[in-house]
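Below you'll find the structure, written out as structure tokens, and then a few comments.
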Amino acid sequence: MSALSIAGVEIRPGEQRKIELPIAKLYTDTQMSLPVYVMRGRKAGPTVFVSAALHGDELNGVEIIRRLMVSKPKLRAGTLILVPMVNVYGVLNQSRYMPDRRDLNRCFPGSASGSLAGRLAHTFIKQIVRLCDYGIDLHTGAIHRSNLPQIRADLDDSETLALAKAFAVPVLLNAQLRDGSLREAAVRKGTRVLVYEAGEALRFDELSIRIGVRGVLNVLSDLGMVRKRSLKQRGSQFVANRSEWIRASASGFVQEFAKLGKLVDEGEPLAQINSPLGELIEQCRSTRSGIVIGKQNIPLVQEGEAMYHIAYFGSDEDEVAEQIEQMQEALEESVN
Ligand SMILES: [Zn+2]
């Protein structure tokens, strides 16, 4: 097994190193870098990156990586590369976007001579992703939106599906590759990527964080990089091939009926949109039966705004809802 080199720093098998990966400085002449932590097992094995805050306001993943580091997982084999804040500029500004107002997750693979976002994307691919067989990219819902803990990945690929199942969340979304996303660029380079989505921007959500930490360790265990973990909490996983946002058909104040993880029937009211003077304007209804995997949290909507994200599972919906309930109960018990 040879030394691994990131930004000119060599890390040998059995070593751990913190690396500052240089990126464009601020106009205040302040130097900027991506903090990267590399752990190497003594034995040969896969190389895996775990990244967070590609959207700078999505903080659950930063905390998931911090807890992984604090738990000091004993790496038996392979290499683990932790990048807690890919869009470190966005974290500074508490913003989803880059300072050039671009969405970094639409700027991959980027180029060395491109926009600020394109350059950062290029550095991340060249220095980190290129070394990796697998990656786990941690996200949350956008600002004022919450996601049920879920994995999004190319589930038509059997190896990716196996890893997604190992992560052990009930809902797996077979998601199309999005142009310019880290996942698309990584998959094109032969790196298999899981996207974990859970919780809301600018908030720590304890359940989402715990499920995330456990999920990453489950995947590392499945890849033989850490000690085998007990499978008893895994439960079943369900693959949704379709999901849809239900949009507000009118503007007003929202009285919410459906929570995250709720099983909903076709035509079931998810929320009611009222006028500030008390009149019921409209009911927001599910167009098919499915599970609520994302929702907006502000009780105000404009017509056309996305309100509920529903995943469709075909005939398995009852079972998915039960799994979600069990998962939530098990985790709430462990939190309390
Ligand atoms: Zn995101």
Next on the checklist: Quick check on ALA52: is it within 13 Å of the ligand (Cβ to nearest atom) and touching a residue at least 60 places away in the same chain (Cβ under 8 Å)?
Outcome noted: yes
Item to check | Residue check, GLY90 over 15 Å from VAL36 (Cβ atoms) and within 15 Å of the ligand (Cβ to nearest atom) | outcome: yes
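For region 41-70, what are the residues that are part of a strand (DSSP E or B) and within 21 Å of GLY14 (Cα to Cα)?
LYS43, ALA44, GLY45, PRO46, THR47, VAL48, PHE49, VAL50
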Checklist outcome for this item: Residue pairs qualifying under the 6 Å Cβ cut-off, at least six apart or on distinct chains, with the first in region 130-144 being of a type in the set (Val, Ile, Thr) and the second being away from the ligand (no atom under 14 Å from the Cβ) and part of a strand (DSSP E or B), are ILE136/VAL50
Item to check | Count - residues of region 78-87 that are more than 16 Å from the chain's Cα centre (by Cα) and within 15 Å of the ligand (Cβ to nearest atom) | outcome: 0
Checklist entry - Of all residues in region 87-111, which are surrounded by fewer than 22 Cβ atoms within 10 Å (Cβ to Cβ), within 16 Å of LEU26 (Cβ to Cβ) and among the polar types (S, T, N, Q)? => result ASN93, GLN94, SER95
Next on the checklist: Can you say whether GLU322 is part of a helix (DSSP H, G or I), at negative phi, surrounded by 13 or more Cβ atoms within 10 Å (Cβ to Cβ) and free of Cβ contacts under 8 Å to residues at least 24 places away in the same chain, as far as the supplied structure shows?
Outcome noted: yes
Next on the checklist: Conditions first: (1) open to solvent by 30 Å² or more (accessible area, probe 1.4 Å); (2) at pLDDT below 95; (3) in contact with a helix residue (DSSP H, G or I) (Cβ under 9 Å, 6 or more places away or on another chain). SER2 passes all but one, so which condition is the exception?
Outcome noted: (3)
Checklist entry - If a residue has to be in contact with a helix residue (DSSP H, G or I) (Cβ under 7 Å, 6 or more places away or on another chain), surrounded by fewer than 19 Cβ atoms within 10 Å (Cβ to Cβ) and assigned to a strand (DSSP E or B) to count, how many in region 24-40 make the cut? => result 2
Checklist entry - strands (runs of 3 or more DSSP E) wholly in region 134-236 with at least 3 residues that are within 16 Å of the ligand (Cβ to nearest atom) and buried (at least 18 other Cβ atoms within 10 Å of the Cβ) - which ones? => result 134-139, 145-153, 192-200
Item to check | Failed criterion for PHE253 (all others in (1) of a type outside the set (Gly, Ala, Ser); (2) in the same structural domain as VAL62 (by TED's automatic domain parsing); (3) not in a helix (DSSP H, G or I) hold) | outcome: (2)
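So which of GLY114, GLY118 is open to solvent by less than 40 Å² (accessible area, probe 1.4 Å), away from the ligand (no atom under 15 Å from the Cβ), in a loop (DSSP other than H, G, I, E, B) and not hydrophobic (A, V, I, L, M, F, W, C)?
Selected residue: GLY114, the only one of GLY114, GLY118 that is open to solvent by less than 40 Å² (accessible area, probe 1.4 Å), away from the ligand (no atom under 15 Å from the Cβ), in a loop (DSSP other than H, G, I, E, B) and not hydrophobic (A, V, I, L, M, F, W, C).
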Checklist entry - Can you name the residue in region 56-76 that is touching a strand residue (DSSP E or B) at 6+ places or on another chain (Cβ under 7 Å) and open to solvent by 10 Å² or more (accessible area, probe 1.4 Å) and is also farthest from the ligand (Cβ to nearest atom) among such residues? => result ARG76
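The values are calculated or read from the model by the stated rules, or taken from the named source; none is laboratory data. Note that this is a predicted model, so its numbers are computed, not measured. Using ideal geometry, Cβ is built from the backbone for each residue, glycine included, and neighbour counts are taken over all protein chains shown. All accessible areas refer to the heavy atoms of the entire protein, side chains included, with ligands and DNA or RNA removed. Shrake-Rupley method; radii C 1.70, N 1.55, O 1.52, S 1.80 Å.
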